[in-house]
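The values are calculated or read from the model by the stated rules, or taken from the named source; none is laboratory data. Model, not experiment: these values are computed from the prediction. No Cβ is skipped: glycine too gets one built from the backbone with ideal geometry, and neighbour counts run over all protein chains shown.
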Amino acid sequence: MNVIYAAATGIMFALGVFQLLRRDMIKSAMGFYILFTAINLFFFAVGAFNGQVPAYSQNLPKGQPSDPMVQALILTAIVISFGSYAILLGLIAKSARRYRTADLDTLNHLKG
């Protein structure tokens with residue numbers, strides 16, 4: 001199971017970076033979100049149990065305890081990613097409305 005998590009995280013991370021480096025702002029935003037999802041999957045894979053003993057619960061005292069720190073990190077990362085993504089989409093919408101394009105190659109006058 002750890003190999004599946006590692007492969008999925010690696011593929012999603014690579015796809016997110018590839019999309020993030022595209023010249024279209026919408027595709028870059030999708031890559032940003034895929035990258036955040038890969039990071040959340042990485043946090044989940046780090047805190048997952050090893051698959052041999054179930055996680056500890058109140059009714060079944062046998063087993064290993066689940067780590068609440070990983071759950072808190074994932075929740076925090078999800079909230080931060082949604083907030084960052086909302087700001088990014090707002091900036092893209094404002095830029096596309098102002099310059100009438102979402103392609104970064106056509107925005108030559110923004111170069112410094």
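Here are some notes:
- Here the condition is being at positive phi and at pLDDT below 95; of 51, 47, it holds for 51 alone.
- Residue count, the range 1-38 (criterion: among the aliphatic types (A, V, I, L, M), under 26 Å from residue 94 (Cβ atoms) and either assigned to a helix (DSSP H, G or I) or modelled with pLDDT under 85 (or both)): 8
- Residues in the range 70-92 that are aliphatic (A, V, I, L, M) and either surrounded by 14 or more Cβ atoms within 10 Å (Cβ to Cβ) or at pLDDT below 80 (or both) were compared, and the one that is farthest from the chain's Cα centre (by Cα) is 92.
- Of all residues in the range 98-112, those that are at negative phi and loosely packed, with under 10 Cβ neighbours inside 10 Å have Cβ atoms under 6 Å from Cβ atoms of residues that are of a type in the set (Lys, Arg) and at pLDDT 70 or above, 6 or more apart or on another chain, in 105/23.
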